[in-house]
Structure formats: structure tokens, C-alpha cells
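A short worksheet on the structure shown next.
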């Protein structure tokens, strides 16, 4: 099992460690609900160094990105980030990712940990015009500092003006005395904050500096358990649960990152699907009756007919109610519709609600 540069830190802090995407990762420290509340109300730090980073360089870097991703990367400017996906040739999704424009010939792609090799091979397959590709995943550490107090907690460590950074932009500069750190106003929690990329050798120094600077703001380490409940409250898709090789961007509600202003993998079929409409949709639901929905639970109608499947579910710490995401037949996808989750052979009532769950 792989370690991040900070694995020993997590163990020393008493984190419960679990295998995740081939890495030994902290799932929780003091408990998921407490950590969740820390991020919603103050500031928390996630080690997400298991994520993958690729650098694409050269005259044809943008052309390659345009051909393999669904969003229109020509709209990017230096310091701007875009959420996108890699469509496959059969209507599904290879992965979802972030595209960073470092300059007009240099881009960084940030991909999911479990898909690093798969994504690399996929993009390489389309690299017919000599784009220089570097997989820097193993040399790169990534911390997500999330929560309403993130900018205040970090500002003393850098002369980059963090509070003025717009969502989905980034800056490069000196951070905690380390040069060439990339600070990105992104995250997966809906609580605001930053993601910080740097070389592994600086991991301990940067981690310690962040906790020292953030002490007065109640900063705490946060595990992957709370990362999941936080993203679910926002209705953010998790690859492998809510989107995968068999789900189309249109079904997943990702039409907003699917731009038909240029050709890309399977774009004609996806455009036809957009025009014809889809037969199933990814919806959010909250439980009316008691019960917690889990991945792969069956969704049924009032008569007990199968109409879909749960992709993610949890007891929401912020809302104090059970919530979930599911693919259902389109006629059941309208807000307010009653659906039922099959929980241990019991039909448990829920209703379709709009994303995000937490506002």
C-alpha cells in the first residue's frame, strides 16, 4: 500500500487509517461528525496527496485537452481552473477532473486517485501530436484547507492575497517559506477554502506551519469520512459512486461541463442524447421515514417496482437527516416526487429534492 508524505503524521495524531485507492489514508481523527462541523464552521485540513497530477506541455497541449475533455478549455486564461470530465467512447465517463492553465502551452490536470493509471493511458492514447506529458503524482503533495476561516488561518504564511482570490482561480508563490507553491481556490466541501500543491519534501514543514498559523482559528486535521459527508451535502459527484464508465454526463447532471462548441470523444453521441433527452437522471433525495440509504440500495415506486439505484447516502451531520443520490427513471426525477428506498426488504419513503442539500 502506498503512503503519502504525511502518513506518519496522521498515525502520530491517532488517525484511524484505512486503505483507499491503494493508499493508507486517514478516515477520521476525533470522529466524522465533529470533523464535519469543524469544516462547516471554522477550518480543517485534509491530506489529499493521493490525487493524481499530470503536466501537459507544448504547442498542442490545448488541442489534446480539447479532444479528450468535455468542457471548453479554450475559455481558460493563466491562473484559471475548470471542472471537466473525460468522456469514453461508449457514453460513460473515464473520470472527472480539474484543468489548470499554467500558461498558454502548459496545463495541469488533477485526476482521481483510483484512476491515475487509467486516465494517463487514456489521454496518452489520443496524444498523436507530441504533447509532452509528465505524471508528477508521486512527487506532489496536496492539502485541502477548507472552511469559512481558511483564508484568515493561512494568510500569515504568504504574501499572496488569499481573501481576494476568486473561486476556481489559482496563484503560485512562496508559502510557509517554500517557493513555487500552487494555491488554488477550489475544494470539495462547499465550505470555501484552498487546495495547496507542493513537492513532497516540504510536506512536514508546510503541515506544521499551517497548524501553527491556524491554531487561533481552531484548525484541525480532517479525514476522508468527513470529506465524503461534506461533498454529499453539496451534491458533488464522487467517481466510482455517482459517476463511472457507464453513466453519461447528461444523466449525471453534468451538461454544464459538456460543451458542444468543439469535437471531443463521443461528442456526437452525447449531443444526440442531450437533444433526445435521457431515460434516467441523477437526483438528490431526503428520507421522510427513518432509515439510512447506502450505495447500491434499490429505489422503488409506491407499487414496489424497481425504478433506480442509490449511488451515495449518509446521515447528514449539518441537516440531521438522511440524504442520498440515486439514478432514477426520468418520470420520477421531478422535485417533490415520492420514492422509496428498499432497506432490508422494507419500503422506506423518501422524496426528491434539489441540489445542494445544504444551503
Problem set entry | Which numbered condition residue 350 fails, given (1) over 22 Å from residue 190 (Cα atoms); (2) within 23 Å of the chain's Cα centre (by Cα); (3) part of a strand (DSSP E or B) | (2)
Exercise. Taking the stated definitions as given, is residue 303 assigned to a loop (DSSP other than H, G, I, E, B) and surrounded by fewer than 20 Cβ atoms within 10 Å (Cβ to Cβ)?
Worked result: yes
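Of everything in segment 329-359 that's over 24 Å from residue 148 (Cα atoms), out of contact with any strand residue (DSSP E or B) (no Cβ under 7 Å at 6 or more places or on another chain) and in contact (Cβ under 8 Å) with a residue 12 or more places away in the chain, which residue is surrounded by the fewest Cβ atoms within 10 Å (Cβ to Cβ)? Walk me through how you get there before you give the answer.
The initial filter retains those residues of segment 329-359 that are over 24 Å from residue 148 (Cα atoms), namely 329-353.
If we keep only those that are out of contact with any strand residue (DSSP E or B) (no Cβ under 7 Å at 6 or more places or on another chain) too, we end up with 331, 343-346.
If we keep only those that are in contact (Cβ under 8 Å) with a residue 12 or more places away in the chain too, we end up with 343, 346.
Numbers: 343: 20, 346: 11.
The qualifying residue surrounded by the fewest Cβ atoms within 10 Å (Cβ to Cβ) is 346.
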Problem set entry | Looking only at segment 284-298, and only at residues there that are in a loop (DSSP other than H, G, I, E, B) and over 23 Å from the mean Cα position of the chain (by Cα), the one that is surrounded by the fewest Cβ atoms within 10 Å (Cβ to Cβ) | 290
For this session: Would you tally the residues in segment 250-266 being in contact with a strand residue (DSSP E or B) (Cβ under 6 Å, 6 or more places away or on another chain) and assigned to a loop (DSSP other than H, G, I, E, B)?
Result: 5
Seminar exercise, completed: Of all strands (runs of 3 or more DSSP E) fully inside segment 75-160, the set with 2 or more residues that are modelled with pLDDT of 95 or more, in contact with a helix residue (DSSP H, G or I) (Cβ under 6 Å, 6 or more places away or on another chain) and under 30 Å from residue 223 (Cβ atoms) is 81-87, 93-103, 140-146
Exercise. Do the conditions hold for residue 326, that is, is it buried (at least 20 other Cβ atoms within 10 Å of the Cβ), under 25 Å from residue 40 (Cα atoms), without any contact (Cβ under 8 Å) to a residue 40 or more places away in the chain and touching a strand residue (DSSP E or B) at 6+ places or on another chain (Cβ under 7 Å)?
Worked result: no
Problem set entry | Residue list for segment 21-47, filter: touching a helix residue (DSSP H, G or I) at 6+ places or on another chain (Cβ under 6 Å) and over 16 Å from residue 219 (Cβ atoms) | 21, 24, 25, 27, 28, 32
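The values are calculated or read from the model by the stated rules, or taken from the named source; none is laboratory data. Not measured: the values here are computed from a predicted model. Reconstructed Cβ throughout: ideal geometry from the backbone, glycine too, with neighbour counts over all protein chains shown.
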